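Undergrad: This is the structure, below, for whatever I ask next.
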Amino acid sequence: MRVHQVADDVFTIRGTDVNMFLLRDGRDLTLIDAGWHGDAALIEKSIRSLGHRPEDIQAVLLTHAHLDHVGALNHLHRRYAIPAYTSPTEVPHAHGDYHESATPLDVIKRLTDRDTLAWAARITAAGGLRKNPVPHIHPFPTEGPLDLPGHPVPVPTPGHTSGHTAYHLPEVGAIATGDTLVTAHPTAKTTGPQLLPCFFNHSTPATLTALDSLESLDAPLVLPGHGRPFTEGIAEAVARARAHAITLLS
Ligand SMILES: [Zn+2]
């Protein structure tokens with residue numbers, strides 16, 4: 001199964017080496033991130049396995065405009081007219097006006113060991129080498145908590161990309177950290193709370209600074225963009241990610 005309940009009315013969908021999250025309020029859903037282009041069918045199947053329909057999604061919230069997070073946004077918009085929102089800073093990035101950090105092809109060229117080559121094959125099959133601009137995405141319609149299922153609260157976390165946003169879920173004590181803080185990645189050497197390898201980050205020092213905005217949130221449950229959920233709380237996750245970052249930056 002690719003879909004798991006991680007808290008009351010919160011589910012994780014595991015795409016191709018990337019996570020998405022569903023927030024439920026009765027019949028209605030919010031989706032955080034949309035995997036790779038090739039993950040669209042998996043997202044629909046996961047939603048149906050919960051007894052819902054894709055049309056139940058009221059909006060998709062994007063953490064940032066990398067290809068492994070914007071994947072199904074255009075499909076969900078074209079097929080079901082589902083809107084998508086992200087931070088005002090990230091909108092032009094999602095529109096494809098500019099690019100931040102390595103392209104998947106740049107990353108693949110650096111890979112030599114068997115695990116990362118297998119990952120490269122998986123993401124290529126999932127549409128990882130095609131451009132995927134999202135013309136319909138808009139900035140958040142309001143400031144503060146969003147009037148959407150789960151009432152997610154955007155937390156600006158610039159660094160991994162300039163307009164990266166984490167989403168705090170105060171009602172369940174969780175934080176979706178996107179790629180500001182992850183717990184594993186096929187190209188990383190260790191598991192546990194950490195930053196992604198530097199070549200994925202627009203600015204690794206800024207990503208490290210962005211952890212300051214997360215650490216004091218009330219969030220015993222950490223839901224990263226990559227890797228498994230972390231249940232020892234955001235403060236512990238941030239402490240471990242900072243310690244790990246010393247190895248990345250040295
Ligand atoms: Zn990313």
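Read-outs throughout are calculated quantities, based only on the coordinates presented, and are distinct from any laboratory measurement. In this text, all values refer to a predicted model and were calculated from it rather than measured experimentally. Cβ placement follows ideal geometry from the backbone for every residue including glycine, while neighbour counts extend to all protein chains displayed.
Undergrad: K131: net charge of surrounding residues, Cβ under 15 Å, Lys/Arg +1, Asp/Glu -1, itself excluded? Each step should come with its number before you reach the end.
TA: Numbers: positive: R130; negative: D68, D97, E100, D106.
Overall, the nearby charge balance is -3.
Undergrad: To check you understand DSSP bridge types, tell me what percent of the beta bridges within segment 1-87 (both residues inside) are antiparallel, rounded to 5.
TA: Values: 14 of 20 bridges.
Taking every DSSP beta bridge within segment 1-87, about 70 percent pair in antiparallel fashion.
Undergrad: For segment 1-138, compute Rg over Rh where Rg is the Cα radius of gyration and Rh is the Kirkwood radius from the inverse mean 1/r over Cα pairs.
TA: On the way: Rg = 15.0 Å, Rh = 15.3 Å.
Ratio of gyration radius to Kirkwood radius for segment 1-138: 0.98.
Undergrad: I've got another one for you. Please compute the net charge surrounding S162, taking Lys and Arg as +1 and Asp and Glu as -1 over other residues with Cβ under 14 Å from its Cβ.
TA: Values: positive: none; negative: E90, D97, E100, D179.
Around S162, the charge tally is -4.
Undergrad: Residue separation times 0.36 nm, minus the C-alpha to C-alpha distance between Q5 and R27: what's the value? Mind showing how you got there, number by number?
TA: Numbers: separation 22, 0.36 × 22 = 7.92 nm, distance 1.60 nm.
Gain on extension, Q5 to R27, equals 6.3 nm.
Undergrad: Another question, if that's okay. State the extension gain, in nm to one decimal, for the chain segment bounded by K109 and C198, taking 0.36 nm per residue of separation less the distance between their alpha-carbons. Before the final figure, lay out the partial values.
TA: Numbers: separation 89, 0.36 × 89 = 32.04 nm, distance 1.52 nm.
Gain on extension, K109 to C198, equals 30.5 nm.
Undergrad: Another question about this same structure. Using only DSSP helix segments of four residues or longer, with each worth -39500 (n - 2.57), what per-residue ellipticity at 222 nm results for the chain after dividing by its residue count and rounding to 500?
TA: On the way: 8 runs with 69 residues, N = 250.
Theoretical 222 nm ellipticity from helices: -7500 deg cm²/dmol.
Undergrad: Would you kindly state how much longer the chain becomes between E55 and A121 on full extension, computed as 0.36 nm times their sequence separation minus their alpha carbon distance, in nm to one decimal? Each step should come with its number before you reach the end.
TA: Details: separation 66, 0.36 × 66 = 23.76 nm, distance 3.14 nm.
Contour length minus Cα-Cα distance gives 20.6 nm.
Undergrad: Sticking with the crude label model, points 7 Å out along Cα→Cβ, report the distance from K189 to R48 in nm, one decimal please.
TA: Using points 7 Å along Cα→Cβ, the separation is 4.4 nm.
Undergrad: A follow-up question, please. Check each of the trypsin sites (Lys or Arg not before Pro) in segment 1-68 and keep only those in coil by DSSP with at most 12 other C-beta atoms within 10 angstrom; list them in order.
TA: On the way: sites: R2, R14, R24, R27, K45, R48; in loops: R2, R27.
Here the trypsin sites (Lys or Arg not before Pro) that fit, given the DSSP loop and packing criteria, are R27.
Undergrad: What does the charge add up to near I234, with Lys and Arg as +1, Asp and Glu as -1, over the other residues with Cβ less than 14 Å from its Cβ? Mind showing how you got there, number by number?
TA: Details: positive: R240, R242; negative: D212, E215, D218, E232, E236.
Cβ neighbours under 14 Å give a net charge of -3.
Undergrad: When the scattering of segment 105-221 is computed by the Debye formula from its Cα atoms alone, each counted once and equally, what is log10 I(q)/I(0) at q = 0.11, 0.15, 0.19 Å⁻¹?
TA: Treating every Cα as an identical point scatterer, log10 I(q)/I(0) equals -0.46, -0.83, -1.16.
Undergrad: Starting from a Cα-only point model with no solvent, please compute log10 I(q)/I(0) by Debye for segment 146-197 at q = 0.27 1/Å.
TA: Cα-only, vacuum Debye calculation for segment 146-197: -1.00.
Undergrad: Would you mind pulling out the separation of the Cα centroids of segment 174-250 and segment 1-24, in Å?
TA: 18 Å
Undergrad: Then there's this: Please report the base-10 log of the normalised intensity I(q)/I(0) for the chain, using a Debye sum with one equal scatterer per alpha carbon and no solvent, at each q in 0.07, 0.08, 0.12 (1/Å).
TA: The calculated log intensity ratios at q = 0.07, 0.08, 0.12 Å⁻¹ are -0.20, -0.26, -0.61.
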